[in-house]
Amino acid sequence: MSAFNRIKIFLFSIIILLGLIFVYFVTYNFVEPKAYDFMIKHALTEKLPFHNKQIYGSDDIILVVIDAKTVEKYRWPWKRELNCKIYEYFLNYAHPKIIVHDSIIATLDTDNPESDKKFFNTLSKFNNVVVGFMPAVKPWDNKAFGEVYDRAFIKFSARAEDKTTSIPYFYSSIMPFPKPYFDAVKNAGSVSMLPGFISGNISSYAIDEVFRNHEYVLKYKGKIYPSVAMKAFLMLNKNPEMILTNSHITFPELNYRIKQKTTTYQSIVPLKFYKLAKTGYSHPKVSAVDIMDSYDNIKQGRKPVVDPSIFDGKIIVIGANVPAGTGLNDNKNTPIVSNHPGVDIQATAIDNIIHNDFLNIIPDGINLLITLLGMLIVYGIIRMYDLFRSITFSIAIIASYLIISYICFYFGTVINVITPVVMFIVTMLIAYTHKFVLENRSKEKVKSAMGKYMSEDVMKRVIMNIDNLGLGGEKATVTVLFADIRGFTSMSETMSAQQVSEILNEYFTEMEPIITKYNGIINKFIGDAVMAIFGEPIQDKNHASNAVRCGYEMLQKVKELQKKWAAEGKIGRLEALQGRIGFLAPEGADNRYHSPLLCGGAATDITVYAYEIATWLVNEPVRKTYAAANLDQTGVDLTDQVTVKFEHVLADLVTSFAAPMGNNMVIYGREGSIEL
């Protein structure tokens with residue numbers, strides 16, 4: 001291989017590699033998240049009839065939702081003292097472990113200051129309430145106030161040892177609480193949710209409006225702050241110390257570790273979502289108005305709408321979910337629904353961490369390895385098998401991979417779904433293209449080699465059917481022409497080898513275009529003889545007529561050559577060309593000779609060597625007999641004539657040729673005689 005060809009192959013390989021990387025990057029970052037969402041919704045949160053699987057959120061977590069029913073009775077915005085009914089109900093009648101309030105209070109109600117005061121006083125009675133705060137990317141407008149507030153806000157930080165090297169300080173300020181509210185709150189956690197990243201599976205470029213993860217901890221001004229979900233977990237476990245690394249959150253006292261991923265902005269953990277019930281929530285849900293009415297009923301000595309005992313030992317998550325227009329719509333777009341209540345998302349994060357119910361994320365490196373292995377298998381199959389089987393096997397591999405992916409998601413293991421499939425399909429295209437190029441090169445090599453030994457027409461037919469070459473052939477009715485130079489053997493004894501070569505080269509050079517002109521193909525050269533076939537592989541219904549015309553024109557050309565060679569002094573006298581044409585009767589003709597030739601590949605099991613014909617008329621014993629029969633004894637002058645077998649062949653040629661007939665001749669190896 002030349003250096004230029006090596007460079008071309010190298011550059012072409014680089015282009016293919018870059019193309020594959022580009023396809024992988026685009027698919028992985030912009031298509032894979034959608035496949036992830038599909039599998040979360042249709043595999044993770046579904047249950048097969050024969051399998052006992054928990055698909056709904058835990059009953060240990062109950063949602064208290066300010067919903068449309070609540071707003072119908074208590075017009076929003078309401079006085080904050082109405083919240084006291086909910087809190088007093090849990091303080092005096094129910095006994096939950098933790099209350100998480102998924103809301104943010106950033107301003108005071110200047111129109112109802114006493115109402116605010118009453119609510120803050122009630123809130124200060126609780127030690128097991130976690131309220132939400134919102135970190136912000138924007139720096140403090142008032143830097144001096146921010147510094148003071150940050151120092152005071154440290155009371156909400158977690159006990160943590162930070163060993164991270166890549167988790168960024170993404171947040172620069174915090175939405176401040178009003179002073180009375182700040183003083184009343186004992187526990188707080190972040191309620192921030194950013195969309196668009198799947199931990200451990202999708203890169204930081206996969207930004208969209210889908211919420212798939214949870215930020216359990218965040219770094220702010222040198223401290224570690226928990227989310228409301230993490231704070232609930234810490235409170236349930238007596239506030240253990242955390243150790244943060246780039247890949248894990250570890251609780252040494254609990255012998256518990258959470259796998260996380262560091263992105264450009266956050267350290268995140270993918271949420272394991274649960275199936276939504278008919279209520280629209282994945283966890284048990286109670287309307288806030290029912291809690292408020294129950295509180296009033298109990299105080300009045302009536303039966304409560306909701307029995308307080310159902311909340312004993314539970315985790316309560318309070319939040320709002322009212323249709324747009326009230327300012328209480330906190331819904332997000334998640335993999336399982338496009339309008340997922342935010343309060344249920346927070347409950348899902350709590351559910352995951354307190355029950356250690358997380359997704360198992362396959363590392364990027366293993367995903368890539370699986371993809372590469374599959375690509376190699378697909379490529380090998382295409383190179384090894386024919387088109388039908390290779391496509392069948394490749395489709396089977398893709399289908400099998402999708403089934404395996406479904407099973408993985410069903411059991412909570414996240415694996416790349418669509419990216420490997422796309423890469424398999426791209427590999428198929430590349431492999432088939434490569435195979436096509438190699439086969440064309442192979443055919444060109446065969447064509448080049450065969451062109452030295454057979455005619456272009458035979459060569460084309462062989463190339464077209466190169467995959468079907470083998471022993472035997474197919475039956476066909478053809479015309480075979482033998483032409484040689486009578487007496488050439490004795491004549492050549494008086495000539496030099498160079499003269500013999502020159503005469504034969506010129507003779508064959510002049511005969512070849514005549515044979516081609518009449519749709520014949522040269523089967524072989526035998527010394528000074530030419531064997532030509534008409535009717536195969538070039539289809540020609542008039543092959544018999546064309547063969548006779550070809551023979552006649554060959555005679556005329558030989559006459560010209562005789563004169564030319566005589567004038568040049570190459571020969572004294574050249575015997576006339578003797579044309580021998582064998583024709584077997586087609587369908588409906590002389591039934592005595594209805595015996596088509598066998599045409600096709602004549603071969604051993606190892607090497608195909610020629611396009612051949614085989615029948616009683618042209619096999620070797622017949623040719624020998626035919627040549628030795630001394631046709632002059634039949635009374636037919638064969639000099640300067642074309643002799644045609646079977647009289648029906650001359651039906652359309654009688655006006656152009658004269659061929660004596662009526663004599664019989666016995667052929668060696670065949671019973672009976674044939675008529676000439």
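A few points about this structure:
- Picking from residues in region 414-442 that are open to solvent by less than 30 Å² (accessible area, probe 1.4 Å) and within 26 Å of ILE55 (Cα to Cα), the one that is nearest to the chain's Cα centre (by Cα) is VAL417.
- Residues being at pLDDT 85 or above and charged (D, E, K, R) - total across region 510-540: 3
- Residues (more than 21 Å from PHE126 (Cα to Cα), of a type in the set (D, E, K, R) and not in a loop (DSSP other than H, G, I, E, B)) located in region 149-192: ASP150, ARG151, GLU161, ASP162
- Residues located in region 94-134, provided they are among the small types (Gly, Ala, Ser) and touching a residue at least 60 places away in the same chain (Cβ under 8 Å): ALA94, SER103, ALA106, SER124, GLY132
- Of the residues making up region 330-387, those that are over 16 Å from VAL100 (Cβ atoms) and either touching a residue at least 40 places away in the same chain (Cβ under 8 Å) or in contact with a helix residue (DSSP H, G or I) (Cβ under 9 Å, 6 or more places away or on another chain) (or both) number 36.
- Of all residues making up region 287-307, the number that are out of contact with any strand residue (DSSP E or B) (no Cβ under 7 Å at 6 or more places or on another chain) and either open to solvent by less than 10 Å² (accessible area, probe 1.4 Å) or aliphatic (A, V, I, L, M) (or both): 5
- Positions within region 167-203 being at pLDDT 70 or above and within 36 Å of the chain's Cα centre (by Cα), in sequence order: MET193, LEU194, PRO195
- For region 521-533, filtered to residues that are touching a Leu at 6+ places or on another chain (Cβ under 9 Å) and closer than 14 Å to ASN546 by Cβ, the residue that is surrounded by the most Cβ atoms within 10 Å (Cβ to Cβ) is ILE533.
- The set of residues from region 83-110 being assigned to a helix (DSSP H, G or I) and either buried (at least 16 other Cβ atoms within 10 Å of the Cβ) or among the charged types (D, E, K, R) (or both) comprises ASN83, CYS84, LYS85, ILE86, TYR87, GLU88, TYR89, PHE90, LEU91.
- Condition met for ILE310 (surrounded by fewer than 20 Cβ atoms within 10 Å (Cβ to Cβ), within 15 Å of LYS285 (Cα to Cα) and β-branched (Val, Ile, Thr)): yes
- LYS41 open to solvent by 40 Å² or more (accessible area, probe 1.4 Å), part of a helix (DSSP H, G or I) and at pLDDT 95 or above: yes
- The set of residues in region 122-134 that are in contact with a helix residue (DSSP H, G or I) (Cβ under 8 Å, 6 or more places away or on another chain) and either open to solvent by 80 Å² or more (accessible area, probe 1.4 Å) or part of a loop (DSSP other than H, G, I, E, B) (or both) comprises SER124, LYS125, PHE126, ASN128.
- None of LEU11, LEU48 is in a helix (DSSP H, G or I) and either exposed (fewer than 15 other Cβ atoms within 10 Å of the Cβ) or out of contact with any Pro (no Cβ under 8 Å at 6 or more places or on another chain) (or both) except LEU11.
- Number of positions in region 126-145 that are in contact with a strand residue (DSSP E or B) (Cβ under 6 Å, 6 or more places away or on another chain) and either more than 22 Å from LEU194 (Cα to Cα) or hydroxyl-bearing (Ser, Thr, Tyr) (or both): 2
- Options VAL137, VAL148: the member that is at pLDDT 95 or above, open to solvent by 70 Å² or more (accessible area, probe 1.4 Å) and under 20 Å from TYR169 (Cβ atoms): VAL148
Condition check ((1) touching a strand residue (DSSP E or B) at 6+ places or on another chain (Cβ under 7 Å); (2) surrounded by 17 or more Cβ atoms within 10 Å (Cβ to Cβ); (3) closer than 30 Å to LEU429 by Cβ) across all residues:
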site	(1), (2), (3)
ILE16	no, no, yes
ILE21	no, no, yes
ASP37	no, yes, yes
GLY57	no, yes, no
LEU63	yes, yes, no
ARG80	no, yes, no
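- Of all the residues in region 233-250, those that are open to solvent by less than 40 Å² (accessible area, probe 1.4 Å) and in contact with a helix residue (DSSP H, G or I) (Cβ under 9 Å, 6 or more places away or on another chain) number 4.
- Lone qualifier among LEU372, LEU276 - being closer than 30 Å to PHE25 by Cβ, within 35 Å of the chain's Cα centre (by Cα) and modelled with pLDDT of 95 or more: LEU372
- TYR518 vs. criteria open to solvent by 30 Å² or more (accessible area, probe 1.4 Å), in contact with a Lys or Arg (Cβ under 7 Å, 6 or more places away or on another chain) and farther than 30 Å from GLU439 by Cβ: yes
- Considering only residues in region 151-198 that are free of Cβ contacts under 8 Å to residues at least 24 places away in the same chain and open to solvent by 30 Å² or more (accessible area, probe 1.4 Å), the one that is nearest to PRO270 (Cα to Cα) turns out to be LYS155.
- Of the residues screened, PRO284 is one that is under 16 Å from ALA349 (Cα atoms), open to solvent by 10 Å² or more (accessible area, probe 1.4 Å) and touching a Leu at 6+ places or on another chain (Cβ under 8 Å).
- Scan of region 254-273 for residues that are at pLDDT below 95 and among the charged types (D, E, K, R), ordered by number: LYS259, LYS261
- Filter pass, GLU114 being open to solvent by 30 Å² or more (accessible area, probe 1.4 Å), of a type outside the set (A, V, I, L, M) and in a helix (DSSP H, G or I): yes
The values are calculated or read from the model by the stated rules, or taken from the named source; none is laboratory data. Model, not experiment: these values are computed from the prediction. Don't worry about glycine lacking a Cβ; one is built from the backbone with ideal geometry, like all the others, and counts go over all protein chains shown. Heavy atoms of the whole protein, side chains included, go into the accessibility calculation; ligands, DNA and RNA do not. Shrake-Rupley method; radii C 1.70, N 1.55, O 1.52, S 1.80 Å.
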